[in-house]
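The values are calculated or read from the model by the stated rules, or taken from the named source; none is laboratory data. For clarity, every value in this text was computed on a predicted model and none was experimentally measured. Cβ: placed from backbone, ideal geometry, glycine included. Neighbour counts: every protein chain shown.
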Amino acid sequence: MKADGIGARVTRKEDHRFLTGNGQYTDDIILPRQTYAAFVRSPHAHATINGINSAAAAAMPGVVAIFTGKDIEESKIGGLPCGWGITSKDGTPAIEPAHPILCIGKARYVGDHVAVVIAETAEQARAAADVMDVDYGILPAVVSTGTAAASKTAVHDQAPNNVCYTWGHGDEAGVKAAFEKAHHISTLDLINQRLAPNAMEPRAANAVYDRSSESYTLYVANQNPHVERLLMCAFVLGIPEHKMRVVAPDVGGGFGSKIFVYAEETVLVWASKRVNRPIKWTADRTEAFLSDAHGRDHVTKAQLAMDKDGKFLGFRVDTTAAMGAYLSTFSTAVPTILYGTLLAGQYTTPSIYVEVTAVFTNTAPVDAYRGAGRPEATYVVERMVEVAARDMKLDPAEIRRRNFIRTFPYATPVGLTYDVGDYDATLDSAIKMADVAGFAARRAASEARGMKRGLGYSSYIEACGLAPSNVAGALGARAGLFESGEVRVHPTGKVEVFTGSHSHGQGHETTFAQVVADKLGIPIEDVSISHGDTGKVLFGMGTYGSRSLAVGGSAIVKAVDKVIAKGKKIAAHLLEASDTDIEFVNGEFIVKGTDKKVPFASVSLTAYVPHNYPLDKLEPGLNENAFYDPTNFTYPAGTHICEVEVDPQTGKVEICAFTAVDDFGNIINPMIVEGQVHGGVAQGLGQALLEDCIYDPESGQLLTASYMDYAMPRADDFPNFKVGNNVTACTHNPLGVKGCGEAGAIGSPPAFINAVTDAIGVKHIDMPATPERVWRAMQSAAHA
Amino acid sequence: MSVNITMKVNGKSVTAAVEASTTLVEFIREHLRLTGTHVGCNTSQCGACTVHVNGRAVKSCNMLVAQAQGADVMTIEGLAAANGDMHPMQAAFKEHHGLQCGFCTPGMVMSACELKGKVTNPSDQEIRACLDGNICRCTGYQNIVTSVKAGLAAMS
């Protein structure tokens, strides 16, 4: 193995700037003649806007301009688009209400954008926004996901029962037949609660219009600048793409919440031409809670049919999923394409049917959040399996083994084909690493101290690198799902790589450089990675769904292969051999079976100084780009085991141990992969133990809109996690990689709840397992 | 109302006239353009804005610049050597992958440095308790704990 190549534990190239305060995040940018925006947000969950009087605000010091929905309406600006069309089971398309960038006529959630005030300073903008006089007519609010479809109030007139779509997937008749012949049917009702993503960098944008070139530049905290540009230009503002540059500089975490095209940055771009000055906006934390797209929010009923040996026969899942007040960019795909298709889990269940009712509520939009659909699916499957094991009096590991998929490729009844995996191996490793054999003694020791101890499993599977584009298109995707990569070799053999993937903490500048350095046989210092700027990078679909390495990395490898192929032709000329006789080994082009060779840097120099060069047959230069469209998803899978101790006096749960054994395919940088697992597990356990985004069920006020109300996981909430790997290489991408960014958040919540319910002897408890909730569950169980 | 401020920031004397309502972090970021100190919440919960004031770790979003009159302030930019060589705590964070997106990192490093002299040979759990005032959404804290342990050892 090359010391800085594939598989090496290389420290990160990007760290020096982050550690010394030299990172450049969007809010760090101040442009000449900068102005600042503040948004006037609806204080009501549902209200008509009867009138807006801006006079007092306009007279405030420093105010440059004020815009309301009326200006947007007059400018005939399109609404924010939904990127995925879903068809209901009756064949009708999902209802997609207009999503204006400033409210027109009505506000539909607390925090909805009613107007924007632009001023010389951020403070002046906020002060003027505070005195904007908006005449609201308060309407009853639809808040609760579970009862939205029965509400007498409609969030949108075109969806009178608040249903956006009712999507059915799988074999309903097959499931019915399986239930009829079942030995036992286990049932489970659960809630996957709403979460606020909480990237530590709040969303921010800075938009500037250049009158001389009639072009815009948008700096924005975003995970996919080309998608942002495409959607904003083509679907909302009608700006020609070559007149718009989107830069997503250093971005302080995304977790999904920075995928989407939001109203704020769109308003800024639009208004920047009107005021002919740069406009900046940075969310404060409460604004982030109110207006970032939230995650999860499912209410689910599940039923699992089994034979007498605990073999799964049929699985039915009925879910109501909140969309919030408007359809965010990929909202419709999350509880369908990314959820229903994962309900087979690691198991051979022959018949599965899922029905998802998506509902509008007067709450912030819900969209992809770390895992996006797969955590929700995994939570249903792995909680269901635990309940089934207890019903059948089987060891939870044993019931899993009885149902594992063992032959690959495996076509599930919900539309995916798993290419490869070894679920027994990850389960075995996890059991060993978690010392399950010693659990009984640890439980006895806890009990001797008056504590309750429990152990829970989760054998998850997920799907990364959503693809291929044509299949996704047939399923409703309104965008491609490929990635681009450009490998620019300079005359001296130094390499600059441009990727459409975006790093907001994942360490692409290191991982991708390792791949290129390894493939080209050059030192990692000779490779730099550029990303996040539509002015530099050809095109890109960005980073989400753990796709960067599997899709973006594959595009880079494809471009590297083209560089090597061209290099062989140049080397063949220099070495007076046939290019079919040239091989590329450790950074040198060699005539097979001889000692005749030429180093990579000589070939690159020749490409740019083509004096001795086959100009009649070959263009000068050494710069290649590639697009890679995967043929399938990748399927990371693993087993997580959680061990908890519960204090029966207080209901407080302590996580004693957490073990994650994952199969991510080949690993480029084990240090970075471990870091991703740690972070993902912490986020999943944060959901399971602490976090809950709560709206008042009557007023629709967000009750958890600050870090004093929303329980973010802190360092002392966790033990050290044990992390292990088993590798089965992905069969359909050149690196054999699968993706590791979300697995921790996908696998961990059911492992935790399975452990808590095991400890306190109840069938189910909803997340988060707060002391109050756990204590109440224990009291109910004691009195049952 | 405007107030005149004099203080030392990263070893250099700074004088300015600012609005009395200006917070220390606003002064550091907007007036001095030292943008390594970040604002994650503005309510003193997340710790991204942590700097040292007279050697103590302070959440600079929660302090008026006027309250730091005459103080010796150090931000993340003042921690590394003038030539860019990293402080042992910064080096430890790099070595042990104690950061991902980098946004909470300056505050985390400033909080970690202050532990020198406050704790000796801390256990992982003690370090976790000490970092209670700094939120990180990326790392799951484990590698931060390892980094802080190594950084404190390297500082002694």
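The single condition from (1) aliphatic (A, V, I, L, M); (2) under 26 Å from A:VAL762 (Cα atoms); (3) crowded, with 24+ Cβ neighbours inside 10 Å that A:ALA293 fails is (2). For segment B:61-92, a tally of residues being within 13 Å of chain A (Cβ to nearest Cβ) and either of a type in the set (Lys, Arg) or part of a helix (DSSP H, G or I) (or both) returns 10. Among the residues of segment A:662-682, those that are within 12 Å of another protein chain (Cβ to nearest Cβ) and in contact with a strand residue (DSSP E or B) (Cβ under 9 Å, 6 or more places away or on another chain) comprise A:PRO670, A:VAL673, A:GLU674, A:VAL677, A:HIS678, A:GLY680, A:VAL681, A:ALA682.
Scanning segment B:115-156 for residues that are of a type in the set (Ser, Thr, Tyr) and at the interface with another protein chain (Cβ under 7 Å from one of its Cβ atoms) turns up B:THR139, B:TYR141.
Condition check ((1) surrounded by 22 or more Cβ atoms within 10 Å (Cβ to Cβ); (2) in contact with a His (Cβ under 6 Å, 6 or more places away or on another chain)) across all residues:
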{"site": "A:LYS258", "(1), (2)": "yes, no"}
{"site": "A:THR266", "(1), (2)": "yes, no"}
{"site": "A:SER272", "(1), (2)": "yes, no"}
{"site": "A:VAL275", "(1), (2)": "no, no"}
{"site": "A:TRP281", "(1), (2)": "yes, no"}
{"site": "A:LEU304", "(1), (2)": "yes, no"}
{"site": "A:LYS308", "(1), (2)": "no, yes"}
{"site": "A:LEU313", "(1), (2)": "yes, no"}
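Considering each residue of segment A:625-661, count those that are part of a strand (DSSP E or B) and either among the polar types (S, T, N, Q) or buried (at least 20 other Cβ atoms within 10 Å of the Cβ) (or both), and give that number.
Count: 21.
Annotation for segment A:166-186: at least one member residue is surrounded by fewer than 18 Cβ atoms within 10 Å (Cβ to Cβ), in contact (Cβ under 8 Å) with a residue 12 or more places away in the chain, in the same structural domain as A:ALA148 (by TED's automatic domain parsing) and in contact with a helix residue (DSSP H, G or I) (Cβ under 8 Å, 6 or more places away or on another chain).
To keep it simple, each residue is scored yes or no on (1) within 14 Å of chain A (Cβ to nearest Cβ); (2) part of a strand (DSSP E or B); (3) buried (at least 21 other Cβ atoms within 10 Å of the Cβ).
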| residue | (1), (2), (3) |
| --- | --- |
| B:VAL14 | no, yes, no |
| B:VAL18 | yes, yes, no |
| B:HIS38 | yes, no, yes |
| B:VAL58 | no, yes, yes |
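No other residue among A:VAL471, A:VAL385, A:VAL420 is of a type in the set (A, V, I, L, M), closer than 30 Å to A:CYS82 by Cα and within 30 Å of the chain's Cα centre (by Cα) apart from A:VAL471. All of (1) buried (at least 18 other Cβ atoms within 10 Å of the Cβ); (2) assigned to a loop (DSSP other than H, G, I, E, B) hold for A:GLN124 with one exception: (2). For the residues A:GLN687, A:GLN701, the requirement of being within 13 Å of A:ARG194 (Cβ to Cβ), polar (S, T, N, Q) and more than 10 Å from chain B (Cβ to nearest Cβ) singles out A:GLN687. For segment A:43-64, indicate whether the set of residues that are over 30 Å from A:ALA234 (Cβ atoms), of a type in the set (Ser, Thr, Tyr) and not assigned by TED's automatic domain parsing to the domain that holds A:ALA705 is non-empty. Yes, there is a match, as at least one residue in segment A:43-64 is over 30 Å from A:ALA234 (Cβ atoms), of a type in the set (Ser, Thr, Tyr) and not assigned by TED's automatic domain parsing to the domain that holds A:ALA705.
Please verify whether B:VAL53 is at pLDDT 95 or above and crowded, with 23+ Cβ neighbours inside 10 Å, treating the condition exactly as stated. No: the conditions fail for B:VAL53. Among the residues of segment B:20-36, those that are assigned to a loop (DSSP other than H, G, I, E, B) and closer than 19 Å to B:GLY78 by Cα comprise B:LEU32, B:ARG33, B:LEU34, B:THR35, B:GLY36.
Quick one: would you say B:PHE103 is away from chain A (no Cβ under 12 Å), surrounded by 24 or more Cβ atoms within 10 Å (Cβ to Cβ), touching a residue at least 24 places away in the same chain (Cβ under 8 Å) and among the aromatic types (Phe, Trp, Tyr)?
Considered against the rule, which asks whether it is away from chain A (no Cβ under 12 Å), surrounded by 24 or more Cβ atoms within 10 Å (Cβ to Cβ), touching a residue at least 24 places away in the same chain (Cβ under 8 Å) and among the aromatic types (Phe, Trp, Tyr), B:PHE103 comes out as no.
Selection of segment A:401-441 for residues being farther than 18 Å from A:VAL727 by Cβ, part of a helix (DSSP H, G or I) and touching a Phe, Trp or Tyr at 6+ places or on another chain (Cβ under 7 Å) yields only A:ASN403.
Just one of the numbered conditions (1) facing another protein chain (nearest Cβ under 9 Å); (2) among the hydrophobic types (A, V, I, L, M, F, W, C); (3) in contact with a strand residue (DSSP E or B) (Cβ under 6 Å, 6 or more places away or on another chain) is not true of B:LEU34: (3).
Kindly establish whether B:VAL51 is within 13 Å of another protein chain (Cβ to nearest Cβ), within 11 Å of the chain's Cα centre (by Cα) and touching a residue at least 24 places away in the same chain (Cβ under 8 Å). Yes; evaluated as a whole, the condition is true for this residue. Only strands (runs of 3 or more DSSP E) whose full extent lies in segment A:1-105 are considered here, and the ones with at least 3 residues that are more than 14 Å from every other protein chain (Cβ to nearest Cβ) and surrounded by fewer than 20 Cβ atoms within 10 Å (Cβ to Cβ) are A:47-53.
Tally time: how many residues in segment A:743-784 are more than 21 Å from A:MET384 (Cβ to Cβ) and in a loop (DSSP other than H, G, I, E, B)? So the answer is 2.
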